[in-house]
Structures are given as structure tokens and as C-alpha cells.
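Notes follow once the structure below has been shown.
The values are calculated or read from the model by the stated rules, or taken from the named source; none is laboratory data. Just so we're clear, the structure is a prediction, and the values are computed from it rather than from any experiment. All Cβ positions, even for glycine, are placed from backbone atoms using ideal geometry, and neighbour counts span all protein chains on display. We work out accessible area using only protein heavy atoms, side chains counted, and drop any ligands, DNA or RNA first. Shrake-Rupley method; radii C 1.70, N 1.55, O 1.52, S 1.80 Å.
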Amino acid sequence: MAVGGDDLLSEKAAMMRESLQKSQTITDNVVTILGSFDHRLSALETAMRPTQIRTHSIRKAHENIDKTLKAAEVILAHFDQYRQAEAKILKGPHEDLENYLEAIDKLRSNIQFFSSKKGFKSTDGVVGHANNLLAKAISKLEDEFKQLLSSYSKPVEPERLFDCLPNSMRPSSGSPGHEGDHSGKNPTHHHSESQNNNADAVVYTPPALIPPRILPLLHDLAQQMIEAGHRKQLLKIYR
């Protein structure tokens, strides 16, 4: 019985050694295959590196082109605004004063924009031409301001100024001196008392020297001239 048990153990031990050898062989084969994969992957990565570099360069170039196109669109939009403003300014302010003032604002905005773009070759020429156009526009505004003032501001007769006063403060149609009446009383004293009693109810009505609809236009014209540094010319015209 002992001999039979030893044979059984020897057989099992042999089977285990055979299994271990097969397992080791499989492990060695897997290691060899994995090593081959690693070598192939390294070779593939080396082969793909130039492609990756070119792809990155193409992507970077695409981003730069996109940024350049966007910047060009902004510049072209300002050039288009400049042409529109120039066309309105050359027509003069007589046809449409509000659009004329709007065109001057756009022209100033374009001057500020192109003045900040020192890297462009044509910046100085564009800014110089725009400044000359702005000077012509302001000169036309001065003429328009003069014309509006002369057309709508008329001198007021001195007698009309009494119409601004309340009835209680207007001079009577009687004697201009107001020295006294037949009763011997002093009318000036009564007039003063009446004025003091009604001081809270006194309402003055200033004369309309310029039509109300013209005042906003004169204000906008004056504002543009002041922004252009023509304050002295404006005061001279007004006086």
C-alpha cells in the first residue's frame, strides 16, 4: 500500500511540474508578445511624431487665421462706418442735421479706433484724412449755428418785456410818473403793500427768444463745437 501511495504522489508531482512548465512557457510567450507590442508602439509613436507636429502647426495656423479674419472684419466695419460718415458730412447739415451730428460722432469714434492701431501702415493716413474731414464738419456746424441763431432769434421790443410781469406789477396806462392821485394818497405805497401780500403768487413769464423746438438743435451743435475745442468761436458767434 505504501508503494502505491508513493506512485500516486509521484504522478501528481509530475503533473504539477508539467503544469508549471506550461504556465512558465505561456508567461514567457506573453512577455515576448507584450514586448513586441511595446516596440511596435514605440516605433508607431516615432513615426507619428512628425504628423502630430504638423497637425499642431496646422491647428495653430488655423487659430491665427481665425483671429486675423475677426480683426480684419472689425477694421473693415470701421472703414465702412467711415465711408458712411464721410458721405453724410459731405452733404452738409442742412438736409438732416440729426444724422449729420450722428455722423460726426461716428467719425470721432473711428479716429479714436485707428489712432489706437499704430501697427498698421495706413493708420497715419486714415487718421489725418479723418481729422481734416472732422475740421470741415465742425466748420459747417459753425455756419449752421450762425444761420439758426440769425433765423430764429429776433430782438424783443422793450415794451414786450412788460408782458413778462404779472398784471399787478405792470405799469398803468395813465401818467408815467405815478406821482399821486386826487385823494392825495401815495399809490406807490399801496402798490408795494399789494406786491408784498401777493409775493408768493407772483409768476413771471420769460419771453420766448428762440422757439423751443430749435433749442435742442442749438444745444447739440454747441456741444459738438465745444468737444472740437471751438468754445471761443461759439461764444463769439453767440455774442
Check: ³J(HN,Hα) across segment 109-126 via Karplus (A = 6.51, B = -1.76, C = 1.60, θ = phi - 60°), whole Hz, x for Gly/Pro?
Finding: 4, 5, 4, 5, 5, 6, 5, 7, 9, 6, x, 8, 5, 8, 4, 4, x, 5
Item checked: Residue-wise HN-Hα coupling along segment 22-29, computed from phi with Karplus coefficients 6.51, -1.76, 1.60 (Hz; x: Gly, Pro) -> 4, 5, 5, 5, 5, 4, 4, 5
Checklist line | Net charge of neighbours whose Cβ lies under 15 Å from the Cβ of Lys70, counting Lys and Arg as +1 and Asp and Glu as -1 | finding: -1
Item checked: Apportionment of accessible area to carbon and sulfur, segment 1-129, percent (1.4 Å) -> 61 percent
Item checked: Rounded accessible area per residue of segment 1-68, 1.4 Å, Å² -> 92 Å²
Next item on the list: Please turn the phi angles of segment 137-146 into ³J(HN,Hα) values with the Karplus equation 6.51 cos²θ - 1.76 cosθ + 1.60 (θ = phi - 60°), one per residue in order, whole Hz, x for glycine and proline.
Entry: 5, 5, 4, 5, 5, 4, 5, 5, 4, 4
Notebook entry, point to check: Counting Lys and Arg as +1 and Asp and Glu as -1, what is the net charge of the other residues whose Cβ lies under 14 Å from the Cβ of Ile214?
Noted result: 0
Check: Which one of Phe79, Gly125, Leu34 has its Cα pushed farthest toward the positive end of the charge dipole of segment 1-130, where Lys and Arg give +1 and Asp and Glu give -1 at the Cβ?
Finding: Gly125
Checklist line | Listed residue pairs exceeding 32 Å between alpha carbons, taken from Lys60/Lys121; Lys70/Lys140; Lys88/Lys118; Lys118/Lys140; Lys106/Lys154 | finding: Lys70/Lys140; Lys106/Lys154
Check: Hey, can you rank 90-97, 109-116 by average C-beta count inside 10 Å, highest first?
Finding: 109-116, 90-97
Note to self: Need the C-alpha centroid separation for segment 18-53 versus segment 92-153, integer Å.
What the structure shows: 76 Å
